[in-house]
Amino acid sequence: MKDGIVDRSLEQGGYWEHIPYTVPDSVTEDRIEFTAPKYRNKGGETLESLGFVIHEVQGPYRCIKPVLGVADQGCRKWAPHEPDRHRYHIGYWVSRRPVEHMMDVPDAAVAALEETGMRLTE
């Protein structure tokens, strides 16, 4: 559980992971589209090396600063960057294989553990 949010990625079959990068202002959109496969592959290799399975890739998309009260605009994790660069991100629908841990759990704790996304095998 992170920040009071229950991880439901196992139930949903995955979640979106975004990898940001910056590009100089002088680079054209055509050039960004031309080099996009290289960045998608590089980001995918990084995620796979961390144990993720990639199901879908989208982007690159240019990040814009989110506007308060306007849904679906900007990057979730907006961060300032150099003024002569644009920020882009590539989205990856990823999942991890479930990991099994053997432990003794008191009956009273079962419900709380299941709320966090754990599945009991015995």
Out of Thr22, Thr35, Thr46, Thr28, which single residue is free of Cβ contacts under 8 Å to residues at least 24 places away in the same chain, surrounded by 12 or more Cβ atoms within 10 Å (Cβ to Cβ) and β-branched (Val, Ile, Thr)? Thr35
Criterion violated by Val27 - all others in (1) out of contact with any strand residue (DSSP E or B) (no Cβ under 7 Å at 6 or more places or on another chain); (2) modelled with pLDDT of 85 or more; (3) not in a loop (DSSP other than H, G, I, E, B) satisfied: (3)
If you check Val57 against the conditions, is it at pLDDT 90 or above and within 30 Å of Thr116 (Cβ to Cβ)? yes
Do we find a residue being at pLDDT 75 or above, within 23 Å of Gly13 (Cβ to Cβ) and among the acidic types (Asp, Glu) anywhere in region 99-110? yes
Return the residue satisfying two criteria in turn: it lies in region 49-59 and is in a loop (DSSP other than H, G, I, E, B) and either touching a Ser or Thr at 6+ places or on another chain (Cβ under 9 Å) or hydrophobic (A, V, I, L, M, F, W, C) (or both), and of such residues it is surrounded by the most Cβ atoms within 10 Å (Cβ to Cβ). Phe52
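The values are calculated or read from the model by the stated rules, or taken from the named source; none is laboratory data. Quick caveat: nothing in here was measured; it's all calculated off a predicted structure. Note: ideal-geometry Cβ built from the backbone for every residue, glycine included; neighbour counts use all protein chains shown.
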